[in-house]
């Protein structure tokens, strides 16, 4: 009984995750991400972590996704032109497909410790799950938890630094384009991605 | 569960506390200052914070060395014991990385002043975040904490690389580094997940266990995960064939940041390679000497053809990762306590010397490059020996040390690495390493020839360096000579590294 349900949920998670990357419209990507979160929550539920499943839905599918959607709506996104890069678009998927195909063959034969109860948070199921999880997070991993706040600071700060307009975005872009032109005059080199500075990071 | 932090815990985390409080302070003060005041207030403040963290690291080192007065006792409380490594090993890492960050900060002060709109606050806050991430990575006893540390310093580096948004090269380098780095981080996580699935724990085994029990074979999922995890680490250490990003990113990043990347990232990656040595799958251990040989060949062959000095140093960095891996073979494949012990010390010595040397080399490049935005080629350093004897002397010393020629520290670093590999029976890797460094002589000596035996171009103008930049160059040049003539100055402190 458990196996088919797991397979459906796992396939769903992979399908939605792939769509997050493949879709061109950012809003669609976000909605697919919600789908992937739901499937993951289902898997947590199956392996006996109801509390974690609830958190996954409340925090990720709820709060964080709303934030994502807000940001996407607030950004002024233009329709993206389909880009052609034949070399990457054939080799990379093939390589990844091979890798994951190999993993799919190898993985099922291997013993899994978590399912047999040797995992560190194996006791986090049931009604007491919240307490166990909190002990784990704020006890053993207190330092990791605090370090995460620095990581978030670095991330947010980095985005602000890269996306901030010191002059105006137009002036910045113009200078970037000038520099690129000047460079391609001096040396014969393929010009790098244009406009990746402010806009690429902001989105 | 006991949630109290003890005084020892705070003592163990002191460098981190100073750095993180300092980073937030710089960020806040930056808000309230006017443009002119920033250049006067923020650089000295950052120096002070980094010096404080460096001092804390040295103090930790002293109190952890055997025979010292221990206050009150150096045992961590229940909260930190499972997750933090309060050992000389960590203290050495903290000293190295705070020193690197301080040197990079000093190199970049005069360089920043020449920018259009120097972003002091942003730059320095990110510069302070870098050692935080790397020290977390080094001290972690748990892969989860190590990952958070890895991400902190990587994010800081991505942003620092791409900070000059109007330069196409910087944007290109930032984007490339970010995409590949994010991919490597995902691989690291995937490997950790598999290790957890296989072993039920993310703890990194004790350093001592490496030498007591040798490398036991992780089996099944954990072995697979370990292999995948090491891919990510090899990427960070720019070991061939995972080095593809190195030349482009080194070339595009601002020169002081390139110095930070080449020294700091490599140091952190090798520290984690040492602590994670027991996670490496047994079946593919023979791959390590092969990777070392490939790195040495690819790095040296690539460097031969370069005319751009930053790209040349990037390829030389790949070769040096190869030399470090030669010593790493002794940990991974050597038998017993003595081999691992010698090899770990050799690697740490090499990292320290390579850090000093590369900081000197990139410091000179940052000095010469500035403003003029042109790529720095052999053309740019022609006749520098007459135009600016100080700069030329430091660069010449750095080149000699990278090549491994006797009166410099680089010679002893290479000697120790190859000796460690030979005593562990890794003859092939050591011989290829020695041959590789002979090939390397060619391009390092080319630098010397350009410096002293070629006429200077007419219109060449050398910008004036600030005091801090000149001090850093002078200190690192002196250190290269000092540790070359008295290697025991640097060897002795490493003896206390307990296994």
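The values are calculated or read from the model by the stated rules, or taken from the named source; none is laboratory data. Remember, it's a predicted structure, so these values are computed and weren't measured experimentally. Don't worry about glycine lacking a Cβ; one is built from the backbone with ideal geometry, like all the others, and counts go over all protein chains shown.
Residues in region B:290-348 that are closer than 20 Å to residue B:96 by Cα and outside any helix (DSSP H, G or I): how many?
So the answer is 0.
Kindly indicate whether residue A:80 is more than 30 Å from residue A:2 (Cβ to Cβ), in a loop (DSSP other than H, G, I, E, B) and at pLDDT below 85.
Here the answer is yes, as residue A:80 does meet what is asked.
Can you tell me which residue within region B:34-67, out of those that are free of Cβ contacts under 8 Å to residues at least 24 places away in the same chain and either assigned to a loop (DSSP other than H, G, I, E, B) or touching a strand residue (DSSP E or B) at 6+ places or on another chain (Cβ under 9 Å) (or both), is nearest to the other protein chains (Cβ to nearest Cβ)?
B:34
Which one is nearest to residue B:226 (Cα to Cα) among residues in region B:113-127 that are surrounded by fewer than 22 Cβ atoms within 10 Å (Cβ to Cβ) and in contact (Cβ under 8 Å) with a residue 60 or more places away in the chain?
Selected residue: B:122.
Is it the case that residue A:202 is more than 7 Å from chain B (Cβ to nearest Cβ), more than 18 Å from residue B:155 (Cβ to Cβ) and either over 24 Å from the mean Cα position of the chain (by Cα) or at pLDDT below 80 (or both)?
Answer is no for this residue.
Would you confirm whether any residue within region B:88-97 is within 11 Å of another protein chain (Cβ to nearest Cβ), at pLDDT 80 or above, part of a helix (DSSP H, G or I) and out of contact with any strand residue (DSSP E or B) (no Cβ under 8 Å at 6 or more places or on another chain)?
Among the residues of region B:88-97, not one is within 11 Å of another protein chain (Cβ to nearest Cβ), at pLDDT 80 or above, part of a helix (DSSP H, G or I) and out of contact with any strand residue (DSSP E or B) (no Cβ under 8 Å at 6 or more places or on another chain), which makes the answer no.
Just wondering, is there one or more residues in region B:257-275 that are within 14 Å of another protein chain (Cβ to nearest Cβ), surrounded by 23 or more Cβ atoms within 10 Å (Cβ to Cβ) and modelled with pLDDT of 90 or more?
Yes, some residue in region B:257-275 is within 14 Å of another protein chain (Cβ to nearest Cβ), surrounded by 23 or more Cβ atoms within 10 Å (Cβ to Cβ) and modelled with pLDDT of 90 or more.
Among helices (runs of 4 or more DSSP H) lying entirely in region B:388-499, which contain 3 or more residues that are crowded, with 19+ Cβ neighbours inside 10 Å and under 21 Å from the mean Cα position of the chain (by Cα)?
B:389-403, B:409-423, B:427-452, B:467-485
Every residue, every condition in (1) surrounded by 17 or more Cβ atoms within 10 Å (Cβ to Cβ); (2) at pLDDT 80 or above; (3) touching a strand residue (DSSP E or B) at 6+ places or on another chain (Cβ under 7 Å), yes or no:
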| site | (1), (2), (3) |
| --- | --- |
| A:18 | no, yes, no |
| A:56 | yes, yes, no |
| A:76 | no, no, no |
| A:86 | no, no, no |
| A:90 | no, no, no |
| A:97 | no, no, no |
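Taking the condition of being under 13 Å from the mean Cα position of the chain (by Cα) and facing chain A (nearest Cβ under 9 Å), how many residues in region B:117-153 meet it?
Residues meeting the conditions: 2.
The conditions are (1) in a loop (DSSP other than H, G, I, E, B); (2) modelled with pLDDT under 90, and residue B:239 fails exactly one of them. Which is it?
(2)
Is it true that residue B:130 is modelled with pLDDT of 90 or more and either surrounded by fewer than 24 Cβ atoms within 10 Å (Cβ to Cβ) or assigned to a loop (DSSP other than H, G, I, E, B) (or both)?
no
For residue B:165, only one of the following conditions fails: (1) at the interface with chain A (Cβ under 9 Å from one of its Cβ atoms); (2) modelled with pLDDT of 90 or more. What is its number?
All conditions are met except number (2).
For the list (1) more than 18 Å from residue B:352 (Cα to Cα); (2) at pLDDT 95 or above, I need the number of the one condition that residue B:75 fails.
The number of the failed condition is (2).
Go through (1) more than 9 Å from every other protein chain (Cβ to nearest Cβ); (2) surrounded by 24 or more Cβ atoms within 10 Å (Cβ to Cβ); (3) out of contact with any strand residue (DSSP E or B) (no Cβ under 6 Å at 6 or more places or on another chain) for residue B:180 and report which single condition fails.
In the conditions (1) more than 9 Å from every other protein chain (Cβ to nearest Cβ); (2) surrounded by 24 or more Cβ atoms within 10 Å (Cβ to Cβ); (3) out of contact with any strand residue (DSSP E or B) (no Cβ under 6 Å at 6 or more places or on another chain), residue B:180 misses (2) alone.
If you take the residues in region B:137-147 that are in contact with a strand residue (DSSP E or B) (Cβ under 9 Å, 6 or more places away or on another chain) and assigned to a helix (DSSP H, G or I), which one is farthest from residue B:16 (Cα to Cα)?
The qualifying residue farthest from residue B:16 (Cα to Cα) is B:143.
Checking residue B:101 against (1) without any contact (Cβ under 8 Å) to a residue 40 or more places away in the chain; (2) in a helix (DSSP H, G or I), which single condition isn't satisfied?
(1)
Test residue B:100 against the stated conditions and say whether it is away from chain A (no Cβ under 14 Å), farther than 30 Å from residue B:354 by Cβ and at pLDDT 90 or above.
no
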